[in-house]
Every structure is written in C-alpha cells, then in structure tokens.
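See below for the structure under consideration.
The values are calculated or read from the model by the stated rules, or taken from the named source; none is laboratory data. What you see is a predicted model; the values in this text were computed from it and never measured. Neighbour counts run over all protein chains shown; Cβ positions are idealised from the backbone, glycine included.
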Amino acid sequence: MVTAAMQGHLNPMLRFAKRLVSNGVHVTLATTELARQRMLKHNTFTSQNTTIQLEFFSDGLSLEFDREKNLELFVESLRTTASKNLSDLVTNLAKDNKFSCMIVNGFMPWWADVAAEHGIPAAMLWNQASAIYSIYYHYFKHPDLFLDLENPKGVVQLPGMPLLKIEDLPSFIFPTKNACMTKLVSEFVQYLDKVKWVLGVSVYELEKEIVKSMASLTPIRPIGPLVSSILLGKEETVPLKVDMWNAEDYCIEWLNNQPPSSVIYVSFGSMKVLSQKQMDNIAIGLKKSNKPFLWVVKPPEKGSERKAGELPLGFLEETEGIGLVVSWCSQEKVLMHQAVACFMTHCGWNSTLETVVAGVPVIAYPEWTDQLTNAKLLTDVFKVGVRIRNGEDGVAGAEEVERCIVEVIDGPRAAEIKKRAMELKEAAKKAVEDGGSSEHNFNQFIDEIARKPCRAL
C-alpha cells in the first residue's frame, strides 16, 4: 500500500490496512520520509503488536521544502523521483515477499506503473466521494456534459446525481485556477485502465445511484466508511496509530462538563488556513450565537509562508467559560461526545464520513477541491445540515455564520436534520457488518487477490 505523507491520504490507507490485517492479509504500508519526520517530531507513532510493516521512501525533496507553496514541483517530484525510489524499495522488499497486490492512492496514479514494472496487480484506493470520482471521470471522458462552465449560473447534469450548479463542482476541473491539479486528475482518469480494482472509501447506501451509474463504465467498489474503529463502535484490533500533530485531549474533559447536544464543534482540517476576515466573522458569529463551542485553530506549519488569521483581540476573554480554543484534537472522540450538537466543517471527505458515522448534523463551510461537492451532498442529498454562503466579497459574514448555527440547532428543520443524521449513522455502520454492502466488496477484493472463488452476496 503506497501513499504520500498527507494526513487526509494516509489515514484512509492506514484504516484499510488495519481491516486487511484483521482478515489475515499481510500488509506493507509505504509512505514518504516526511511522514516519519512528523511522527517522530510529535511522538505520535505507535506500533505495538501490529503486523503492518511500515516502510519509507524519499519523495525527492528535502524535509524542509515547502510542498504547499511549490505544489507543481512537489507533484512532479512524486511523479518522477519518488516513483524511482518506490521502485527501488519494492525491489528490495521483493527479495523476502511475494506481493499479491499494490494499492496506490488515486492522486498518485503513476505508481501503478511501478506495480506493472514488478508484475504486481494494482488497485486504486479512491479517498474521496464516489460523486467526485464520477465527476472527474465524465469531465475527461465526456466533456460535452460540461459545456456551461463559463456561465456562473450554468448547471451540469450527470448520471445518478442531482443537478449541479457551478458552485457545487470540484475546483480541480477549472484549469485556469488549478492547472497543476487539473492535469493530475486527468492522469488519474487515464490510469483507471491500468488498475484492476478501484476501491472507494465511501458507502454504497450514501451514494447508491452514483455507484450504479458507474457500474457499466469503470466501476468503483465502496468499502467504507473507512473511519476509526472507535466511531464504528468496534474494538481496535490493530493498535497502529499515525498522527502528524499532537492532540490536546483536555478538550474531552471540557466537553464532559457541557450539556448534551449543546456544543458547536468547529474544525477545518489539517490544511486549511483561515484569513483574518474569516477568523473575525466566525468568532463574531460564535459569540453572537451564545452557545458553547470547541474551536480547533491549527497554526500553519513552521516555516510556511501561508498567512493565517488570528483570533480577534479579547475574544478568548469575552468567551471564557463558554468556549474553548485548541490547536488540534482527536476528532473521532469529539464527534462521538454527547455534548456535541453540530460540526462546522470544511467538508473534506474524511471529516464528512466521520460526521455521518457519528450522526452529527453539519454546518458546511467549503472552500475548494472536493469540499464544494461534499457540501452539496451533505446538505441536499444526505440532508444532514446547512451550508454557509459567502458574501459578495467571497467571505461569509458573521450574520451568515450565526444564521446557520441557529438553523441547525434551533431552527424548524433542526429535529428533522438530527433524525436524518441518526438514520445515516445506522446505514453506514450496517455497511461494514456481516452481510453489509461494504463488507461484501471488501471480502470479494480479498478473495480476488488471493485468487479464491468469490463469496455470494
């Protein structure tokens, strides 16, 4: 199993690895050296009693190199130098192992060539929504479906999906804004012909019509939700943990002292850095709502040139006793806590799956890439939340933030949203139980790499 050292890519791969190991499969998980550095730096790497073998290879860049600032150079290095280093690693590992399959990340598709070079069947783990998989596939295979992209009021109709406005589409299909990533997604679609399996971290029941619409094209098999075993109410059978930032767990003690379904949990993932105006407006909206809140404000990586907004002067003092601000937390533990009423999220797919499995209503605040489509799914398809809308200046106002908080917690649809969230929680959990859709796809994959007859559904 191979992926680069990004938390949103590494976590799903690690969770899949744990499930494979629990079913008797030997797993070697290879990632780039940056992951090793971050794990050691934060003392968050544990591997007691695990049969997952961790290996590391260089992505061709120094550990100090700013990969976010120089994204194009980073991607090119992954495509070229990292591929060569990965191939060398496989050569070395193959002296003692006969690999049945190499599972690559959908955003590093060229590594399927490394698998072919070594005669190993390749699978691709798609770590975003099946809806995004479908959009990218059709965008590059059937561009005639996307003729209205220049029109701000244009719409796109794809098989198995609701009508999508331009604001609902992933930003990577707009090459004028994201040329490097648009090229990368194009390569991902081209490489679908080079892999034997495409496995999705989503759940069939959440995106049934989309998955069915892809069945006659290039099928995707959902094996999710690939979330922490804790969220699924299961015991952790493979105690391997990889976190790149230190969690401040005292926030759980703070939550213990809050009333049930009262706290607004605010977190925008490991990559998003809020502008000062965004910080100010969220802070004002939270303060005006007069509800308890837990806000994760992650500073940029040391040495990063990305400018981050700061908490407004006096905000911590004014909200003392009402809210808590931390730099990082264990999101699974927070979402499971009975005190949490809703989750204000950037709508990254990992966070989206986690909130669905936890049964927590959502305030969607997307910005780019797949987050825009995920927000559409959460609010209009799954119907488990509301979406914050930006003003004319491209930033959501404080009144809009407050409006969404009130609507999802106290509004006329609040009870319906909570009920729907609980229904999807149960559907997601059933998918990975015996007889569930994801469990069937997972078992079928193991049977095929072991060259055994497939089990009947």
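Annotations for the structure displayed:
- Only residues that are among the β-branched types (Val, Ile, Thr) and in a loop (DSSP other than H, G, I, E, B) were counted across the stretch 315-357, and they come to 2.
- Checked against the criteria, Ile173 does not count as out of contact with any Pro (no Cβ under 8 Å at 6 or more places or on another chain) and under 28 Å from Ile449 (Cβ atoms).
- Pairs, first touching a residue at least 40 places away in the same chain (Cβ under 8 Å) in the stretch 190-203, second polar (S, T, N, Q), C-beta under 6 Å, six or more apart: Leu192/Thr218; Gly200/Ser130; Val201/Asn127; Ser202/Ser130
- Screening Met102, Met1 for residues that are outside the structural domain of Leu232 (by TED's automatic domain parsing), under 22 Å from Arg221 (Cα atoms) and modelled with pLDDT of 95 or more leaves exactly one candidate, Met1.
- Unmet criterion (only one of (1) outside any helix (DSSP H, G or I); (2) at pLDDT 95 or above; (3) not hydroxyl-bearing (Ser, Thr, Tyr)) for Leu73: (1)
- Residues that are small (Gly, Ala, Ser) and touching a strand residue (DSSP E or B) at 6+ places or on another chain (Cβ under 9 Å) within the stretch 157-184 are absent altogether.
- Here Asp393 meets each of (1) surrounded by fewer than 21 Cβ atoms within 10 Å (Cβ to Cβ); (2) within 21 Å of the chain's Cα centre (by Cα) with one exception, condition (2).
- Members of the stretch 103-136 that are surrounded by fewer than 21 Cβ atoms within 10 Å (Cβ to Cβ), of a type outside the set (A, V, I, L, M, F, W, C) and at negative phi: Asp113, Glu117, His118, Pro121
- Qualifying residue in the stretch 31-46 (condition: in contact with a helix residue (DSSP H, G or I) (Cβ under 7 Å, 6 or more places away or on another chain), at negative phi and at pLDDT below 90): yes
- Take the conditions (1) surrounded by 21 or more Cβ atoms within 10 Å (Cβ to Cβ); (2) among the small types (Gly, Ala, Ser); (3) closer than 14 Å to Met1 by Cα; Ser100 misses just one of them, which is (1).
- Applying the condition of being in a helix (DSSP H, G or I) and of a type in the set (S, T, N, Q) to the stretch 372-390 and asking which residue is surrounded by the fewest Cβ atoms within 10 Å (Cβ to Cβ) yields Thr379.
- Verdict on Thr369 being surrounded by fewer than 22 Cβ atoms within 10 Å (Cβ to Cβ) and either in contact with a helix residue (DSSP H, G or I) (Cβ under 7 Å, 6 or more places away or on another chain) or of a type in the set (Lys, Arg) (or both): yes
- Among the numbered conditions (1) in a helix (DSSP H, G or I); (2) aliphatic (A, V, I, L, M); (3) farther than 25 Å from Pro260 by Cβ, the only one that Val406 does not meet is (3).
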